[in-house]
Amino acid sequence: MMAHPLLPKLRQLKLGGMVLTLDVRATQATQQQLTPVEFLALLLDDELERRGQQRLAHHLAQSGCDEQKTLARFDFAAAPGINRAFIQDLATCAFITRHENVLVCGPTGVGKSHLANALAIESLKRDQTVVYRNTQRLLTDLNAARASGMYPRLLARILTVGLLVLDDFGLQPLTPQAAQDLYDIISERYEHGSVIVTSNRAFEEWPAAFGNDLLASATLDRLTHHAHSLIIRGESFRQRSRRKESTSNKSTAPVQPPSQA
């Protein structure tokens with residue numbers, strides 16, 4: 001295959017990937033008596049599909065998303081309180097084109113991060129750019145970038161991606177600098193880019209994370225103005241899984257014979 005006579009020409013045209021399906025499509029064209037145009041269309045479809053997959057893989061690697069946490073792998077049966085139709089509507093990513101936000105809160109382990117990650121992957125499939133980060137880590141990295149000279153570049157990326165996901169907001173109190181940075185991010189993205197925020201805190205507790213009433217009010221006012229809210233209740237998936245494993249281990253443990261007196 002790598003020695004195909006058309007490979008040099010295809011590479012010159014930056015179409016070297018076509019050689020991967022060229023022989024298969026040529027055989028198909030002969031068997032199905034396809035016209036030259038139909039044969040070419042198949043090859044072009046293959047090339048477009050290949051480039052799309054490569055682009056998705058690249059953006060996925062750059063985003064910080066977990067490729068395993070998709071909607072298909074989310075256990076809706078274990079979270080009966082979630083409106084599945086609402087999640088499927090969000091998965092169309094129309095909220096991103098409208099520059100709306102999604103705010104998700106609930107106790108630890110109920111699937112908040114999984115859902116946020118899954119929505120981010122759906123947006124990547126639609127050629128949106130994404131940054132997915134733990135909130136505290138992102139703000140720490142942003143502050144560290146000031147010393148390294150990378151601050152303008154990192155901030156520009158945060159501000160211009162189609163979707164910014166801030167996971168575990170409020171897990172730790174924000175430093176004054178972090179609170180200011182978060183305000184700047186939300187303010188600059190307001191009505192220009194979408195944000196998904198997940199938090200273990202109830203919505204009414206979010207202002208306390210700032211340690212600054214004025215910044216909290218200004219930030220949350222913008223964040224919640226065009227926003228979809230989702231409250232997830234229930235038991236931690238991890239705790240439920242741990243109990244199942246414990247029960248399974250007990251049921252498969254060998255029975256010890258009675259001791260002989």
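No lab work stands behind these numbers, since they all come straight from the coordinates. No experiment lies behind these values; they were computed from the predicted model shown. When we count neighbours, we look across all protein chains shown, and the Cβ atoms used for this are built from the backbone with ideal geometry, even at glycine.
Descriptive notes on the structure:
- Taking a ≥ b ≥ c as the square roots of the eigenvalues of the alpha-carbon gyration tensor, region 1-122 is classed prolate because a/c is 1.5 or more and a/b outweighs b/c.
- Between region 70-89 and region 37-52, the Cα center-to-center distance that results, in Å: 35 Å
- Its DSSP H runs of at least 4 residues, each contributing -39,500 (n - 2.57), put the calculated 222 nm mean residue ellipticity of the chain at -17000 deg cm²/dmol, to the nearest 500.
- Highest-MSF residue in the chain out of Leu40, Leu115, Leu214 [GNM, Cα springs under 10 Å]: Leu40
- Number of Lys-Lys pairs in the chain with C-alpha atoms under 23 Å apart and a separation of 8 or more places or on different chains: 5.
- Options (1) 1.08; (2) 1.13; (3) 1.37 - which one matches Cα Rg over 2.2 N^0.38 Å as calculated here: (3)
- 20 °C / 1.002 mPa s Stokes-Einstein diffusion coefficient of region 44-94, Kirkwood radius on C-alpha pairs, µm²/s: 160 µm²/s
- For region 22-62, the ratio of Cα radius of gyration to the globular rule of thumb 2.2 N^0.38 Å stands at 1.51.
- Most fluctuating residue given options Arg84, Arg25, Arg73, as computed from a GNM of the chain linking Cα atoms under 10 Å: Arg25
- As a proxy for reagent exposure, Ile231, Ile158 were ordered by neighbouring Cβ count within 10 angstrom, fewest first; the result is Ile231, Ile158.
- Contact order relative to length of the chain, as percent, for alpha carbon pairs under 8 angstrom and 6 or more apart: 22 percent
- Of the residues Pro36, Pro173, Pro207, the one that moves most in a GNM of the chain with alpha-carbon contacts below 10 Å is Pro36.
- Angle between the chain longest axis and helix 36-63 axis [Cα atoms, degrees, rounded to 10]: 30 degrees
- Fewest neighbouring Cβ atoms within 10 Å first, the residues Met150, Met18 line up as Met150, Met18.
- Rounded tilt (10° steps) of 19-32 against the dominant C-alpha axis of the chain: 60 degrees
- In sequence order, region 211-222 has phi-based couplings of x, 8, 4, 5, 5, 4, 5, 5, 5, 6, 4, 6 Hz under the Karplus curve 6.51 cos²θ - 1.76 cosθ + 1.60, θ = phi - 60°, and Gly or Pro positions carry x.
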